[in-house]
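Scroll down for the structure; my scribbles are underneath it.
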Amino acid sequence: MGLFRLLFNILWLVLGGFFMGLMWWLVGILCFISIIGIPYGRSCFVIGEMAFWPFGQEAISRRYINQRHDIGTGTLGTIANIIWFLVFGIWLAIGHIGSAIACFVTIIGIPFGIQHIKLAMLTLAPVGKTVVPRRM
C-alpha cells in the first residue's frame, strides 16, 4: 500500500498538486502579514502540506485529537472560518474545483480529481483542522 501511495503522490505533484500546494502556502504567507491572520496562516501551512502530498493523509478536527474544544474548534473558530471563506477560501476552492474538472477529463485523473474535491471542501472551514495519517 505504501508504494501505491508514493506513486500516486508523485503523480499528484506532477499533475497539478504542486501548484495548488504553492497557492496554499502563498495565502499562508499573506495571512502572516497581520497578527489577526496568524491562525489562518497556520492552517494554510498545515493544509498546504497535505495539498502537496494528499494520498495517505486526512484532515480532521483538532477536537477529536485533543478530546476538548480549543479556540479554533469553538465559536471563534466558526466565525474565523466564515471570514476565511469570504476572503481566501473561495479562491482556493475555485482553484481546486478547476483542477478537479481538468483531472476528471481523463480516467487516470479521477483519483486526483477526488483529492482536489476533498481539498476544495476543506477550504470551507480549515481553522480548527489538522492533518493526520489515514488509518487503514
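Quick look at the numbers
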quantity	calculated
Complete set of residues in region 95-136 that are more than 23 Å from Ser61 (Cα to Cα) and surrounded by fewer than 18 Cβ atoms within 10 Å (Cβ to Cβ)	Gly98, Ile101, Ala102, Phe104, Val105, Thr106, Ile107, Ile108, Ile110, Pro111
Criterion violated by Ser34 - all others in (1) surrounded by fewer than 16 Cβ atoms within 10 Å (Cβ to Cβ); (2) assigned to a helix (DSSP H, G or I); (3) not β-branched (Val, Ile, Thr) satisfied	(2)
Single residue of Phe45, Phe32 found to be farther than 20 Å from Leu11 by Cβ, over 12 Å from the mean Cα position of the chain (by Cα) and modelled with pLDDT of 90 or more	Phe32
Helices (runs of 4 or more DSSP H) wholly inside region 50-136 that include at least 2 residues being β-branched (Val, Ile, Thr)	75-84, 90-104, 110-122
Yes/no for Gly16 being surrounded by 14 or more Cβ atoms within 10 Å (Cβ to Cβ), more than 17 Å from Pro133 (Cα to Cα) and modelled with pLDDT under 90	yes
Pair list, Cβ < 7 Å and 6+ apart or interchain, from region 1-23 residues that are without any contact (Cβ under 8 Å) to a residue 40 or more places away in the chain to residues that are of a type in the set (A, V, I, L, M) and part of a helix (DSSP H, G or I)	Gly21/Ala51
Boolean, Phe55 is touching a Gly at 6+ places or on another chain (Cβ under 8 Å), under 28 Å from Leu7 (Cβ atoms) and either loosely packed, with under 15 Cβ neighbours inside 10 Å or not β-branched (Val, Ile, Thr) (or both)	no
Criterion (over 17 Å from the mean Cα position of the chain (by Cα) and under 17 Å from Gln115 (Cα atoms)) met by exactly one of Leu6, Leu76, Leu13, Leu22	Leu6
Cβ-Cβ under 9 Å pairs, at least 6 apart or on other chains, region 63-91 side closer than 27 Å to Met23 by Cα, far side surrounded by 13 or more Cβ atoms within 10 Å (Cβ to Cβ) and of a type in the set (Phe, Trp, Tyr)	Ala80/Tyr40; Ile83/Tyr40; Trp84/Tyr40; Val87/Tyr40; Phe88/Tyr40
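The values are calculated or read from the model by the stated rules, or taken from the named source; none is laboratory data. Since the structure is predicted, the reported quantities are computational estimates derived from the model, not experimental observations. In this analysis, Cβ positions are derived from the backbone assuming ideal geometry, glycine residues included, and neighbour counts consider all displayed protein chains.
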